[in-house]
Every structure is written in C-alpha cells, then in structure tokens.
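The values are calculated or read from the model by the stated rules, or taken from the named source; none is laboratory data. From a predicted model like this one, the values you see are computed outputs, not experimental measurements. Because the Cβ atoms are built from the backbone with ideal geometry, glycine has one as well, and the counts that use them run over all protein chains shown. Side chains are part of the model used for accessible areas, which takes the heavy atoms of the whole protein and leaves out ligands, DNA and RNA. Shrake-Rupley method; radii C 1.70, N 1.55, O 1.52, S 1.80 Å.
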Amino acid sequence: MTRPAIVLLSREPGMRALVQRALRRRYEQDYQVRVHGDVASLRETLGQLRADETPVALLMVGYGEEEPDGLSVLESLEVDRTALRVTVVRWGDWSAARPIFDAIGMGLVDRWITVPELETDEEFHRTVSEFLDDAASRRGTSFEAVRLVGHRWDGRTQHLRDLFDRNHIPTGFYDAATPDGRAVLLGAGVQDPTFPVVLLHFRRDATVLQNPTDIQIADAFGLFEPFGEEEEFDLTIVGAGPAGLGAAVYAASEGLRTIVLETEAVGGQAGTSSLIRNYLGFPSGISGSRLAFRAYEQAWTFGARFHFMRAATGLARSGDHLSVRLSDHSSVRSAAVIVATGAAYRRLGVPELETLTGRGVFYGATVSEAPAMRGQQVYVAGGGNSAGQAAVHLARYAEHVTILVRRPTLAETMSEYLIKEIDAAPNITVRPRTEVVGGTGTEFVESLRLRDVGTGAEEEVPGVLFVLIGAEPRSHWLGDDVAKDRRGYVLTGDAAPHEPGLPTPALLETSVPGVFAAGDVRHGSVKRVASAVGEGALAVSLVQPHLGWLRARR
Ligand SMILES: Cc1cc2nc3c(=O)[nH]c(=O)nc-3n(C[C@H](O)[C@H](O)[C@H](O)COP(=O)(O)OP(=O)(O)OC[C@H]3O[C@@H](n4cnc5c(N)ncnc54)[C@H](O)[C@@H]3O)c2cc1C
C-alpha cells in the first residue's frame, strides 16, 4: 500500500532541521517524509506525488521572521483537498499569531504547530498524531471493523453509514451493484441477501446481519448491557449530545448512578460537525465526533452506563420514581431524569424532493456523504452556522457549492468568521433571496427548481441538495405532562407551570418534579455546544438537591 506523504517546507535551516528530525524519527515507517528548503523543489515533489496518486496527509510550511511569506506560499500550493495545510512557527513568535488565525478563519490554512525544540517533544507529536488522524478520516479509513454492503442511495444504507461513522466504527462501504460489493458478499457466503448487509468483521464468528434494525445491530455489537427490572438509577439522561454528555460526566463524577439513553450516536448534532471552532480549549478547532467521543469515554470512565440505539418513547411517574419507556418495550427507573434530546432538522416540505431523501437530497451535514460529492454541483439550503459549516466542508470535494438563502444576506444568521471563510472560498457562492420549490429525479435527484423570492422567477438547475434550514425540538416522546411552548420546546424554571402545593420548579426543572431539561430541547436555550454542555452540568447540580428532598421525604 502506498504510504501517504508528510511534506515539509522550511527555508530557515534551524527550523527545518528540528522538524525534519522529529518527523523522520517518529513517522517514517508509515509515511513518506519529504523535506524541502525551497519552493521550486517542493512544487516538483507535489506534482510527482499527484502523478503517482500518493495522498498528501500533511503539507507543513514554515512561517516567521525568516520566511515572512510562509502563509501565502502555503495558500498557493496545489495539494489534495484531503490534505491538512499546517503552518509551522517558532514558540514565542507572537507576531505570527494574528495572521495565522485570520488565515485559519478564511479556511486558507487548517492548523498551526510550534517547532519541537527538544529531541523528544511529546506535545509536538500529540498534535501531529491528531493532524494525521484528521487527515486519515478525510481520506477515509482503511481498517474495516465492519463491512456494509448496500445500494449507495438507499436511505437505510445511508443511515447506517452515517451511524457507524458518527459512532467511530471503522466501516468499509461496498456498493451492492459493483464487483467489489458482490465479492464481499461471496466471501461471506451470502446469497440473495436482503440489503443492507452488515458484516461484523471484528468478531471471530464474522456475524452477518441482513437488513438489521438498530436494536439488532446494538445487540450484535455487544453494546447492550441488560439491566434488571428492579434496578434503579439515581439519574436517567435521555440523549447523548453535548448536553447529555455534559450531564453524564458531571453526574458520574459526583457518584450518581447514571444511565444515558441514546437512539443514534454520541455527539448529537455536534457529532455531525466537521470542525467546531468555538469550543473552549481547542484553539485550532476539533471535529464534533472526536469531541463527543472523548466526552463519552470520560463519562464511561467515571462509571456512567450507556444504552445505545434505543429511543425513549415515554415518561411516567409513580410515587417518587420516574420511569422512561424505551423502543424495545423495556423501561428504566430512576429518581431523576434529564431530558437532553436536542433538536432535529426541519423538513423542506417539497413533496417531489421528500421522495428523494437520501438520493441526492440530504438533511443535515451527513459527513459521510461529502467525499461522494467529488465533481458535483452542490446546493446547501439554509443560512445558519450549520449550513455554513456544511458548505465549507462540502467545498473540499464538490466542484461548486451554492448556498441558498431566503434573506438578502447571511449577516443576521451566520457567524462572521464563517461568512469570511465562505467569501474567501473560490468554489462557494451565496445566492440570496432564493428558495427551493421543486425538483426532478427517480433513482437520484436530477434537477432542482429554484425560485427568486422577490420576483417569483424560477430556474431549473442540475445538482445535489443539502438541507439545513433550522431545527425542531425532539420532545414529542414526552407526552403532555411535561409542559412545552407552542413550538414544542420544553419549559423550565419560572416558565414551567407547577402543581399547587409543590415547590416552584428549579432553574432547569420542568413542570414534572425531578425531570430536568438541558440543551437545544429547552425553551430559551442558546443552541451552542458550550452552552449545552454547561446546561447539562448545571442540571446535575439541581438533581442533587432533588435527591436530597426525596430522601428527606422517605
Ligand atoms: C452541522 C452542525 C454544526 C454545528 N456547529 C456548531 C459549532 O461550531 N459551535 C457550536 O457551538 N454549536 C454548533 N452547532 C450547534 C450544536 O451542535 C448544538 O447546539 C448542540 O449539539 C446541542 O446539543 P444537545 O445535546 O442539546 O442536542 P443534540 O446535539 O441535538 O443531541 C441530542 C441527542 O439526543 C438523542 N435523542 C433524541 N431523541 C431521543 C430519544 N427519544 N431517545 C434517546 N435519544 C434521543 C439524539 O440522537 C441526539 O444524539 C452545530 C450544529 C450542527 C447541526
């Protein structure tokens, strides 16, 4: 197998020697390390790697007093879109910081790193390893714990690809219509299957599942840890997005017997984000799924139990106990519940496009679909941050991305740093005052009908559509006892009604005593990762007095 390349350019001999030594010692086994002291020979190497179809994982270029044009050189180099563009600086060169952050903000540079001054600089290597991991996931992983064979544009197949991806399960996808797909089935001895087929390659018995339900998959993975009917937890957290994970870490670390229920994947909406740039502590950003996975490990290490691929379907109270019903007809008993079920994408409501969902019309960022957009004309409907991030991510692969917004500009709905990044991207344009009103296609979307909201003029364009037009709270499962606003967001604190004789609900407490809400599902929430995490932690601090109150009553 071709080893991907790590390519370094530094015209400062001291910097070049230090970085080269560190890279060669640690990474030469798995990567081709190419080092250059001048731009011309570097360009030659990049051309040669392209001709040999050798992927570039990292393109690292020195920047500082002795090479002040480092950033513009890095921006000007032609390299695979899956490569990470990294600028290398000396520690203490503060004047470099502003231009670097601006270049990152514009999407011209991906990351920065400081020169390893010591012979073994573990901080440098930790950062390089993270970069390599990001680059590897941009290219697609090659270790396949699971093989999925199905029809590329089948909705269920796509759902599973997305689910495995977001749950960090290394998965190889094989289109059933290709020779590779047929070979995988033949190798597993599967004839006339019902698609999609899931092969659990990591298990000794190489389990084969045909068109499995989520629950069957969870069981086959060994993710389901049954609990007894009589088992009771201090706290049930419903949803493992940022709010649920935030709550899980704090609850478990404070010794509460905690169970987390999640119907899809850890990370929730944040887990679908390719890069979260505004979360505390990650100056060059972190992918949503990586952040979520770390939080999951942290909560698990503290002792929180997780129950995956089962949805909460109802909530009941009997005396001091709360009981959450699950989609497999079991239920979980606890003294308190935190509702952290977040929000889901609003549908477009165009019937001819609804039938093409998953076949050229996608809801949300669907990170796993991005590489399939190579060479395509892509349209992103929506003017919020999630639409902006999706556009930037898709532009790495697509020929061109057009953002469709009903308003005249993005200014009111999108963060400034994203607007700048979009302005700077050569293959993204914004089309204001435009909505999608129709489309054609049978197997796959063929065209989209766009309407100018001012003039009413319509135009038919070929292209793929990603819809990110806002979200609706996932609170329907709660029934009527838990009070909600008219859009379905859960009311808490002063806004929540309460039974006469009972104390006023605490800050994040709902109209049902002992049931709290945190994150996007809550009326008045801020819709940010950090605030969802914070609300999760805050809700736990309110659970503690509730448990004390229950104990005092017994
Ligand atoms: C593409 C994208 C990019 C974003 N980028 C940023 C960013 O850069 N910075 C930022 O601050 N914010 C960003 N956001 C917003 C941020 O992700 C959300 O505000 C945050 O995820 C909300 O967290 P939450 O836990 O409240 O809800 P969610 O993230 O929605 O998580 C809810 C979880 O509950 C689960 N669930 C739902 N119903 C049930 C049920 N009945 N039973 C069991 N489980 C259930 C869901 O599967 C989900 O995992 C982005 C959002 C998107 C979509």
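Odds and ends about this structure:
- Accessible area in square angstrom per residue, region 351-469, 1.4 angstrom probe: 41 Å²
- Local net charge near residue 413, Cβ-Cβ under 11 Å (Lys/Arg +1, Asp/Glu -1): +1
- For the pair region 76-103 / region 198-258, the C-alpha centres are spaced 40 Å from each other.
- Length-normalised contact order of region 303-455 in % [C-alpha pairs under 8 Å, at least 6 apart]: 17 percent
- Part-to-part distance (alpha-carbon centres) for region 1-59 and region 369-428, which is given in Å: 31 Å
- Length added when fully stretched, residue 94-residue 399, from 0.36 nm per residue minus Cα-Cα: 106.1 nm
- For the set 237, 169, solvent exposure ranked by accessible area (probe 1.4 Å, protein chains only) runs largest to smallest as 169, 237.
- Cut-off 16 Å (backbone N to label point 7 Å along Cα→Cβ of residue 232), residues of region 300-323: 316-323
- Proximity of backbone amide H atoms, modeled 1.01 Å from N, is registered between residue 430 and 403 at under 5 Å, excluding neighbours fewer than 5 places apart on the same chain.
- Pairwise FRET efficiency - residue 297 versus residue 452, Cβ, R0 = 51 Å, nearest 0.05: 0.55
- Peptides 276-284, 21-29 ordered by average Cβ neighbours within 10 Å, highest first: 21-29, 276-284
- Taking amide H as placed 1.01 Å from N in the peptide plane, the amide H of residue 276 sits under 5 Å from that of 286, 287, 288, each at least 5 places away or on another chain.
- Inter-centroid distance (Cα atoms) of region 142-196 relative to region 113-134, Å: 35 Å
- J(HN,Hα) series, region 305-312, from Karplus relation 6.51 cos²θ - 1.76 cosθ + 1.60, nearest Hz, glycine and proline x: 9, 10, 10, 9, 6, 10, 8, 6
- Residue 445 long-range amide H proximity, modeled H, under 5 Å: 360, 361
- Region 146-221 - accessible surface per residue (Å², probe 1.4 Å): 49 Å²
- Highest-first arrangement of 473-480, 176-183, 64-71, where packing means the average Cβ count within 10 Å: 473-480, 64-71, 176-183
- Counting only whole DSSP H helices of the chain, the ones at least 27 Å long by C-alpha along their axis and with mean Kyte-Doolittle hydropathy no lower than -1.0 are 529-553.
- Three principal axis extents of the chain based on alpha-carbon atoms, in descending order, are 79, 58, 57 Å.
- The calculated FRET efficiency for residue 40 paired with residue 435, based on their beta-carbon distance and R0 = 51 Å, is about 0.55.
- Among 425-437, 393-405, the order from most to least packed when residues are scored by Cβ within 10 Å on average: 393-405, 425-437
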